[in-house]
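**Q** Let me give you the structure first, and then I'll get to my questions.
The values are calculated or read from the model by the stated rules, or taken from the named source; none is laboratory data. These numbers were taken from a predicted model, which means no experiment stands behind them. Here the Cβ is made from the backbone with ideal geometry for all residues, glycine too, and neighbour counts use every protein chain on show. SASA here: full protein model, heavy atoms, side chains in, ligands and nucleic acids out. Shrake-Rupley method; radii C 1.70, N 1.55, O 1.52, S 1.80 Å.
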Amino acid sequence: MAIFSKSNVPQFSVDVYQNEYLPEDGREVNAVVTVTATGGGTIGSAVAAPHLYAPGEGPSAAVVLMVDCSGSMDHPPTKMRNARDATAAAIDTLRDGVHFAVVAGTHLAREVYPGDGRLAVAGPDTREQAKQALRKLSAGGGTAIGTWLRRADRLLASADVAIRHGILLTDGRNEHESPEDLKAALDACAGRFTCDARGVGTDWEVKEVTGIASALLGTADIVADPAGLAADFTRMMETAMGKEVADVSLRLWTPAGATVTFVKQVAPTVEELTGRRTEAGPRTGDYPLGSWGDESRDYHLCVAVPPAAVGREMLAARVSLVIPQPGGSVQSLGAQGLVRAVWTDDLAASTSINPQVAHYTGQAELAEVIQEGLDLRKVGDMDGATAKLGRAVQLASASGNADTAKLLAKVVDVVDAATGTVRLKTKVEEADEMTLETRSTKTVRVKK
């Protein structure tokens, strides 16, 4: 596209899947919108090797690594050692020219490298200096994650770059600041940088870590065995290095009389976007999609339109992609999709559910019932937990979500997947339950 100067920047496309037919006086229009970026510096979900870029090329980027150094990281001592090794592996994955810093997180946020409120520029010398500085990391103190995020924000804001990204590792609960303080920090950082969050071991709070990633449009996961940190950090940094377009927004226009019921990401994970809308003109709103490389994501839109008589047609919504610019202007990414409504008295046409819409409605329900089932199990409502997790098994089986089905099988004994008949296991490993909760929002795409 002419709006970009480099050939390795992704080209965006929008595809709309829906059944546009409504019965007489029908009002609800559902559509799945697939947004695809192709032709950038990534292959699938992993970045092409950094050496494929000539020195100084590739998108300008800055990354801050936030490493938990609270006292619990020393129990066992291998946890801190694995965290140091993982951070070193991530630094080795940085592309030359990327700005970066390392922050040690306790009840304070201490700049480990390069220090003095600065960012270093990745190259052979600075990578080695950063790894030398990592060797001095030791465990001691509390946990105040909002403080870490605010420090990362200040560091990232000091760089004139296109992509700003954080990687955060914690092994414990956010015990040295209030939930309100953490929320205030997330609100302050939202839209300023993206952040991947990881919990190591099993002493952290799943909803805290997933909440951080959700607010900052990143990923969340568990690394139950600290020995797996280096491989996970390397993959995270590879993906971060593949991001080439920041601050993409899905712009949704609806006609007079129509209202947006919801907008949610449904692949690769379920993420509610409805409440993140910012107004962008008459009947137009923007929903943040974060940073992009070579990848594809799916979004489920639901729009309520004014009822109409048989034979009427209308444009229910127009979907486009933009990047907000200073001063209130936007840069169009040149991709657009249309959501239609057509009223008919053909019962078969108006009652048919589009396969993509049906599939992702089930995937969103799957994520919801897993969370509800685990919450009920924690408070001792075993009958309620069994019913919810049984429904989850049924949905996972029907949709072909094999990864989630395997995780569920570590929490329940499956009697009949097709009917959702299960028994709660009497003994469940804490890591297995936390893994299911953390990954409950991961979805699979429609089976071809």
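**Q** Using 0.36 nm per residue of separation minus the Cα-Cα distance, give me the extension gain between Arg81 and Ala398 in nm, one decimal.
**A** 109.9 nm
**Q** If you average the alpha carbon positions of the stretch 374-419 and of the stretch 131-163, how far apart do those two centres end up, in angstrom?
**A** 39
**Q** Also, I was wondering about something else. Mind jotting down the three principal axis lengths of the stretch 194-312 based on Cα atoms? Whole angstrom, largest first.
**A** 63, 30, 25
**Q** Of all alpha-carbon pairs in the chain, indicate the percentage at a distance above 38 angstrom.
**A** For the chain, the share of Cα pairs beyond 38 Å comes to 27 percent.
**Q** According to the Cα gyration tensor, what semi-axes, each the square root of 5 times an eigenvalue, does the equivalent ellipsoid of the stretch 60-242 have, listed from largest to smallest in whole Å?
**A** Result for the stretch 60-242: semi-axes of 21, 19, 15 Å.
**Q** Ignoring ligands, DNA and RNA, what percent of the accessible area of the chain is carbon or sulfur (1.4 Å)?
**A** 51
**Q** Can you put Lys207, Lys406 in order of accessible area, largest first, using a 1.4 Å probe?
**A** The most accessible residue leads, giving Lys406, Lys207.
**Q** Treating the beta-carbon of each Lys and Arg as +1 and of each Asp and Glu as -1, no other charges, what is the dipole magnitude of the stretch 79-238 about its Cα centre, to the nearest 20 debye?
**A** 320
**Q** If each residue of separation counts as 0.36 nm, what is the full-extension length gain between Thr234 and Leu315 once their alpha-carbon separation is subtracted?
**A** Going from the current span to full extension adds 24.6 nm.
**Q** Separate question: Could you compute how much accessible surface Val339 exposes when probed at 1.4 Å, giving the result in Å² to the nearest 10?
**A** Accessible area, nearest 10 Å²: 0 Å².
**Q** Grab the Cα-Cα distance for Arg118 and Lys410, subtract it from 0.36 nm times how many residues apart they are, and report the gain in nm with one decimal.
**A** Result: 100.5 nm gained on full extension.
**Q** To continue, here is another question. So for the stretch 347-448, taking the charge dipole from beta-carbon charges (+1 Lys/Arg, -1 Asp/Glu), which of Thr419, Ala358, Met382 sits furthest toward the positive end?
**A** The listed residue farthest towards the positive side: Ala358.
**Q** Taking only the Cα atoms of the stretch 364-448, how large is their convex hull per residue, in Å³?
**A** Output value, Cα hull per residue: 76 Å³.
**Q** I've got another one for you. Taking 2.2 N^0.38 Å as the expected size of a compact globular protein, what ratio does the Cα radius of gyration of the stretch 62-144 give against it, to two decimals?
**A** That ratio works out to 1.04.
**Q** Something else about it: Kirkwood Rh over Cα pairs of the stretch 291-347 into Stokes-Einstein at 4 °C, 1.567 mPa s: D in µm²/s?
**A** The diffusion coefficient I find is 89 µm²/s.
**Q** Further question: Of the options Thr435, Ala240, His75, report the single residue whose Cα projects farthest towards the positive end of the charge dipole of the chain (beta-carbon charges: Lys, Arg +1; Asp, Glu -1).
**A** Of the options given, the answer is Ala240.
**Q** What is the helix-to-structure angle for 124-134, meaning the angle in degrees between its Cα long axis and the longest Cα principal axis of the chain, kept from 0 to 90 and rounded to the nearest 10?
**A** Helix 124-134 sits at roughly 80 degrees to that axis.
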